[in-house]
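Enquirer: If you scroll down you'll find the structure; I have some questions about it.
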Amino acid sequence: MSERKLHIVHTESSCGWGGQEIRVLSEMRGIQERGHRVTLVTPPEARIATVARDMGLTVVTLPITRKRLPALWALWQWLRRESAGIDLLNTHSSTDSWLTAVACRLLPGAPPIVRTRHVSSPVSRNRQTRWLYQRAAAHLVVTGEALRTQLQRDNGFAAASMTSVPTGIDLARFVRLDPAARPAHVAGLGLPPGPYLGILATLRNWKGHAYLFDAYAELASEFPDWRLLVVGDGPQRHNLERRAGELGLAGRIHFVGNRDDAERWFQAMDLFVLPSYGDEGVPQSIMQAMACGLPVVSTPVGAIAEAVDADRSGLLVAPRDAAALAAALRRLIADPALRAEFSAAGWEKAQRQFGLARMVDRMETIFRAHARPR
């Protein structure tokens, strides 16, 4: 394997903020720290552009938020000027993947493309989409083996054209807190005494907060000391705050918004829950919670079951089922010994499989294998 240093350009058209964008930046920084050159191409209004600059990453802003001719023209012009110095393009969202694929098709001698697919939503089976995934891209990276299986089964994509590379997390940052220190830690965050159920996710419908609130309401009188900690922000915040009031739980559900120090909020929790019913890969919050020694209650959507071993490090329940969610929470709240058992198993798995270096190792290998020959 050649040890030459590469120039890898990542494209990201998303203007949102969540696990996908965080993974892109974590991966870029990890690759840059190994001596490679990395560049991010993204819309000027995207939050990822600001965060990337703050991290010391090179950012190029182009108007690529939509699949339109002006966006294609802007990207094509930039690639025409810069492509000779680029070894590989790594695309991430649908829009930038299409724009990059078409621009490269129109540009002789364009760099190869590796497409990373972060979610498990169905992929169209038409001829154009097959071209995008199986011909325009030199290789496809997915964030869980379940996503690879799905694309092979439902779309007929060649297994050899895809590699599963789960997201890695910083195990030096997400660490367990001594349970004896938790009361003081909770107080230091300005929270009333626990114990706490906790969720960390963007406040979107498909993250399942509404089902969690209904499940929590069912348990409220049975476990009056337990509170619910909601970390994150998003378009559903107003609706969720209203729902908390309707359930009579406004004083027991604590909304703390987006936090850059996520590890401190995990360390305030006794039990982590993410009842997602959307198109997940492996949510970073689940891996971070496990690294902090938290038992997990979640759903088997996407590739979540690859992270959470059912009945070993957590419980998996049917999505959109508040009653099943309440039953799983009741089981763990009522059984501290089982929580401790799940905590130990989840932490051990996190140390073995979830490290950031493992993800960067695998992505570097893929980039080297598919980079432009020199």
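The values are calculated or read from the model by the stated rules, or taken from the named source; none is laboratory data. Every value quoted in this text rests on a predicted model; they were computed, and no experiment measured them. Reconstructed Cβ throughout: ideal geometry from the backbone, glycine too, with neighbour counts over all protein chains shown. To get the accessible areas, we keep the full protein, side chains included, count just its heavy atoms, and leave off ligands, DNA and RNA. Shrake-Rupley method; radii C 1.70, N 1.55, O 1.52, S 1.80 Å.
Enquirer: Pairs, please: C-beta under 9 Å, at least 6 apart or cross-chain, first residue farther than 30 Å from GLY293 by Cβ and modelled with pLDDT of 95 or more and in region 351-374, second in a helix (DSSP H, G or I) and among the β-branched types (Val, Ile, Thr)?
Expert: Going by the 9 Å Cβ cut-off, the qualifying pairs are PHE367/ILE31.
Enquirer: Could you list all residues from region 40-82 that are farther than 16 Å from PRO111 by Cβ, part of a helix (DSSP H, G or I) and out of contact with any strand residue (DSSP E or B) (no Cβ under 8 Å at 6 or more places or on another chain)?
Expert: Passing the criteria: ARG47, THR50, VAL51, ASP54, LEU69, PRO70, ALA71, LEU72, TRP73, ALA74.
Enquirer: Please go through region 197-216 and give me each residue that is within 17 Å of the chain's Cα centre (by Cα) and open to solvent by 40 Å² or more (accessible area, probe 1.4 Å), ordered by number.
Expert: ARG204, ASN205, TRP206
Results for (1) in a loop (DSSP other than H, G, I, E, B); (2) at pLDDT 95 or above; (3) open to solvent by 10 Å² or more (accessible area, probe 1.4 Å); (4) of a type outside the set (D, E, K, R), shown as yes or no for each residue.
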{"site": "ALA84", "(1), (2), (3), (4)": "no, yes, yes, yes"}
{"site": "ARG115", "(1), (2), (3), (4)": "no, yes, yes, no"}
{"site": "VAL119", "(1), (2), (3), (4)": "yes, no, yes, yes"}
{"site": "GLN128", "(1), (2), (3), (4)": "no, yes, yes, yes"}
{"site": "TRP131", "(1), (2), (3), (4)": "no, yes, yes, yes"}
{"site": "GLN134", "(1), (2), (3), (4)": "no, yes, yes, yes"}
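Enquirer: I need the full set of residues from region 217-229 which are within 16 Å of LEU325 (Cβ to Cβ) and either of a type in the set (A, V, I, L, M, F, W, C) or open to solvent by less than 10 Å² (accessible area, probe 1.4 Å) (or both), in order please.
Expert: ALA217, LEU219, ALA220, PHE223, TRP226, LEU228
Enquirer: Does region 154-181 hold any residues that are modelled with pLDDT of 95 or more, in a helix (DSSP H, G or I) and open to solvent by 60 Å² or more (accessible area, probe 1.4 Å), and which are they?
Expert: Result: ALA160, single match.
Enquirer: Within the bounds of region 182-196, is there any residue that is open to solvent by 30 Å² or more (accessible area, probe 1.4 Å) and of a type in the set (Val, Ile, Thr)?
Expert: For region 182-196, residues open to solvent by 30 Å² or more (accessible area, probe 1.4 Å) and of a type in the set (Val, Ile, Thr): absent.
Enquirer: Continuing with the same structure: Whether any residue in region 17-33 is more than 17 Å from VAL360 (Cβ to Cβ), open to solvent by 20 Å² or more (accessible area, probe 1.4 Å) and hydrophobic (A, V, I, L, M, F, W, C) is what I want to check.
Expert: Yes, region 17-33 contains at least one residue that is more than 17 Å from VAL360 (Cβ to Cβ), open to solvent by 20 Å² or more (accessible area, probe 1.4 Å) and hydrophobic (A, V, I, L, M, F, W, C).
Enquirer: Pairs needed: first member in region 304-332, aromatic (Phe, Trp, Tyr); second member anywhere, surrounded by 16 or more Cβ atoms within 10 Å (Cβ to Cβ); C-beta distance under 9 Å; at least 6 residues apart or different chains.
Expert: Matching pairs, first to second residue: none at all.
Enquirer: Another one. Picking from VAL60, VAL51, VAL9, which residue would you name as being of a type in the set (Val, Ile, Thr) and open to solvent by less than 10 Å² (accessible area, probe 1.4 Å)?
Expert: VAL9
Enquirer: Further question: For residues that are part of a strand (DSSP E or B) and aliphatic (A, V, I, L, M), scanning just region 306-318, find the one that is surrounded by the most Cβ atoms within 10 Å (Cβ to Cβ).
Expert: Going residue by residue through region 306-318, those that are part of a strand (DSSP E or B) are 310, 314-316.
Filter once more, so that each one left must be aliphatic (A, V, I, L, M): 310, 315-316.
Values: ALA310: 14, LEU315: 23, LEU316: 19.
Checked region 306-318; the qualifying residue surrounded by the most Cβ atoms within 10 Å (Cβ to Cβ) is LEU315.
Enquirer: Could you list, in sequence order, the residues of region 208-263 that are farther than 29 Å from ILE22 by Cα, without any contact (Cβ under 8 Å) to a residue 24 or more places away in the chain and part of a helix (DSSP H, G or I)?
Expert: Those that are farther than 29 Å from ILE22 by Cα, without any contact (Cβ under 8 Å) to a residue 24 or more places away in the chain and part of a helix (DSSP H, G or I): ARG242, GLY245, GLU246.
Enquirer: Considering only residues that are outside any helix (DSSP H, G or I) and more than 14 Å from LEU40 (Cα to Cα), look in region 88-112 and name the one that is most open to solvent (accessible area, probe 1.4 Å).
Expert: Of the residues in region 88-112, the ones outside any helix (DSSP H, G or I) are 88-93, 106-112.
Those still in the list that are more than 14 Å from LEU40 (Cα to Cα) too: 106-112.
Numbers: LEU106: 103, LEU107: 16, PRO108: 118, GLY109: 54, ALA110: 29, PRO111: 6, PRO112: 33 Å².
This residue is PRO108.
Enquirer: Does LEU151 satisfy being without any contact (Cβ under 8 Å) to a residue 40 or more places away in the chain and outside any strand (DSSP E or B)?
Expert: Yes, satisfied.
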